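J.: Let me begin by handing over the structure; questions about it come next.
The values are calculated or read from the model by the stated rules, or taken from the named source; none is laboratory data. Quick caveat: nothing in here was measured; it's all calculated off a predicted structure. Neighbour counts are summed over all protein chains in view; Cβ atoms, including those assigned to glycine, are modelled from backbone coordinates with ideal geometry.
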Ligand SMILES: C[S@@+](CC[C@H](N)C(=O)[O-])C[C@H]1O[C@@H](n2cnc3c(N)ncnc32)[C@H](O)[C@@H]1O
């Protein structure tokens, strides 16, 4: 199952609202990139976009689609939990609910202050989105100091 095109438009509209001065550039990764549609759309909109996907056939398909769309988007075959998140300004995921607690831990450990997570369908448990429309939620990562602030 993929994020429908109209929901992808919502993803990027909400990201522009949530990010400072509506910045639509930077680095973007889709964890579990499926057929590559979200990554290709991100690249079209000016992000340096990358997808990681467990299914190698979908990685090959996504590369082909990116070439057809004439966008610079990269895809790798692998497990999303092995991908370092520190390089990214935006992390997207359309995963199953059972993955969300593990994803939340990974975001807390690896993402930089002020970076964003965008989720389609399923929420991060105990996190408050900074923007939400329907099933699309955007979270801003706030690095916790040792005293808990
Ligand atoms: C619901 S699809 C979402 C596809 C795409 N991100 C989108 O929004 O259209 C989820 C994808 O995550 C992939 N996936 C599931 N677990 C994964 C993991 N641990 N690492 C990488 N990809 C994974 C699946 O193979 C599937 O293609």
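J.: Take residues that are surrounded by fewer than 16 Cβ atoms within 10 Å (Cβ to Cβ) and modelled with pLDDT under 95 and tell me which of the strands (runs of 3 or more DSSP E) falling wholly in the range 1-106 contain 2 or more. Reasoning before the result, please.
T.: Working: elements: 26-31, 47-53, 73-77, 90-93.
No strands (runs of 3 or more DSSP E) qualify here.
J.: Which residue, of 121, 133, is surrounded by fewer than 22 Cβ atoms within 10 Å (Cβ to Cβ) and touching a helix residue (DSSP H, G or I) at 6+ places or on another chain (Cβ under 8 Å)?
T.: Working: 121 fails: touching a helix residue (DSSP H, G or I) at 6+ places or on another chain (Cβ under 8 Å).
133 is the lone residue from the list that is surrounded by fewer than 22 Cβ atoms within 10 Å (Cβ to Cβ) and touching a helix residue (DSSP H, G or I) at 6+ places or on another chain (Cβ under 8 Å).
J.: All but one of (1) touching a strand residue (DSSP E or B) at 6+ places or on another chain (Cβ under 9 Å); (2) within 12 Å of the ligand (Cβ to nearest atom) hold for residue 2; which doesn't?
T.: (1)
J.: Output the residue which, of all residues in the range 45-59 that are more than 16 Å from residue 2 (Cβ to Cβ) and out of contact with any strand residue (DSSP E or B) (no Cβ under 6 Å at 6 or more places or on another chain), is nearest to the ligand (Cβ to nearest atom). Don't jump to the end; show me each part of the working.
T.: Going residue by residue through the range 45-59, those that are more than 16 Å from residue 2 (Cβ to Cβ) are 45-48, 50, 56.
In the following step, the residues that additionally are out of contact with any strand residue (DSSP E or B) (no Cβ under 6 Å at 6 or more places or on another chain) were identified as 45-46.
On the way: 45: 15, 46: 19 Å.
The qualifying residue nearest to the ligand (Cβ to nearest atom) is 45.
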